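Where a number appears in this text, it was derived from the coordinates with a stated rule and is not lab data. These numbers come from a predicted model, not from an experiment. Backbone-built Cβ (ideal geometry, glycine too); neighbour counts: all protein chains shown.
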Amino acid sequence: MGRLEGKTAIITGGNSGIGACTAELFAKEGAKVVISARRADQLEAVAAQIRAAGGEVLAVPCDISDREQCRAVADRTLETFGTIDILVNNAGVVDSGIEAIEKVTDQTIDTLIDINTKGTLYMTREAAKVMLQKQSGSIVNVSSVAGYTGCGGAAYVASKAAVIGMTKNIAMRCASANVRCNALCPGSVVTPMTMGMKKEGLDPDMMGAMAKHADLSLPACMPKEVANAILFLAGDESSAITGQIIVIDHGADL
């Protein structure tokens, strides 16, 4: 307890799954938590659980593909808590059909790039302004094993591989200012979003290619396992770690 005492953290996609689990864990460790997501009712439900457990939380609805809404999250955080110490870029969407390159639609490309890639850039830009000025901070990007190995739909892989690239770029730029940036690449994670994917809707060609390169018999990750890794990278225990890309998948993609 108390590993994040006195720190203020923004967690995008904080309404369910990894984001909600991370928010609850951060609050237990003493952080003032700001959670954002598009669904206000789900956000408030998570906020209520955190408050009931004695945590301090602010819920700010936000579509991260909208740069002005990202700026508003940062502004509300500063108005309420005075600073930003940690940013967890967790919000994202999956390609429900896992579309191969020759089948991927314009809509899928636009949606995944707008949210997964541009949204991460927008939120990081706002937090980095604050962190660079005060010469401290930790940014944790939730990418995906798909962005690391290529196992996934074409647009999803592109959107998450971009997060890996920006992680290294941000870490390089900010190292001299004591602002760190790392990325986690979870494999399959048991969340409402992933469990909602229907097998009959998945591209058989892409699924067949992926099956040749991963051990699908190994267990999926649980949100708490990813949240624990986020906590480590966000806190002072990892103070010398920056620019690193860490896969969390029980060894399925070795």
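When you check ASP95 against the structure, is it of a type in the set (Asp, Glu), crowded, with 24+ Cβ neighbours inside 10 Å and under 17 Å from LYS160 (Cβ atoms), yes or no?
For ASP95, the condition - of a type in the set (Asp, Glu), crowded, with 24+ Cβ neighbours inside 10 Å and under 17 Å from LYS160 (Cβ atoms) - is met.
Scanning the range 36-49 for residues that are over 20 Å from ASN228 (Cβ atoms), assigned to a helix (DSSP H, G or I) and out of contact with any Leu (no Cβ under 9 Å at 6 or more places or on another chain) yields ALA40, ASP41, GLN42, LEU43, GLU44, ALA45, ALA48.
Here's the yes/no breakdown for (1) without any contact (Cβ under 8 Å) to a residue 40 or more places away in the chain; (2) part of a strand (DSSP E or B); (3) touching a strand residue (DSSP E or B) at 6+ places or on another chain (Cβ under 8 Å); (4) under 26 Å from ASP236 (Cβ atoms):
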| position | (1), (2), (3), (4) |
| --- | --- |
| ARG3 | no, no, no, yes |
| LEU25 | no, no, no, yes |
| VAL34 | no, yes, yes, yes |
| ARG51 | yes, no, yes, yes |
| GLU68 | yes, no, no, no |
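For the range 146-164, indicate whether the set of residues that are in contact (Cβ under 8 Å) with a residue 12 or more places away in the chain, crowded, with 17+ Cβ neighbours inside 10 Å, part of a strand (DSSP E or B) and in contact with a helix residue (DSSP H, G or I) (Cβ under 6 Å, 6 or more places away or on another chain) is non-empty. No, the conditions are met nowhere in the range 146-164.
Say whether the condition of being of a type in the set (S, T, N, Q), touching a strand residue (DSSP E or B) at 6+ places or on another chain (Cβ under 8 Å) and either outside any helix (DSSP H, G or I) or free of Cβ contacts under 8 Å to residues at least 24 places away in the same chain (or both) is met by at least one residue in the range 97-114. Full working, then the answer.
Going through the range 97-114, the residues of a type in the set (S, T, N, Q) turn out to be 105, 107-108, 111.
Right, trim to touching a strand residue (DSSP E or B) at 6+ places or on another chain (Cβ under 8 Å) and you get none.
The answer is no; no qualifying residue exists.
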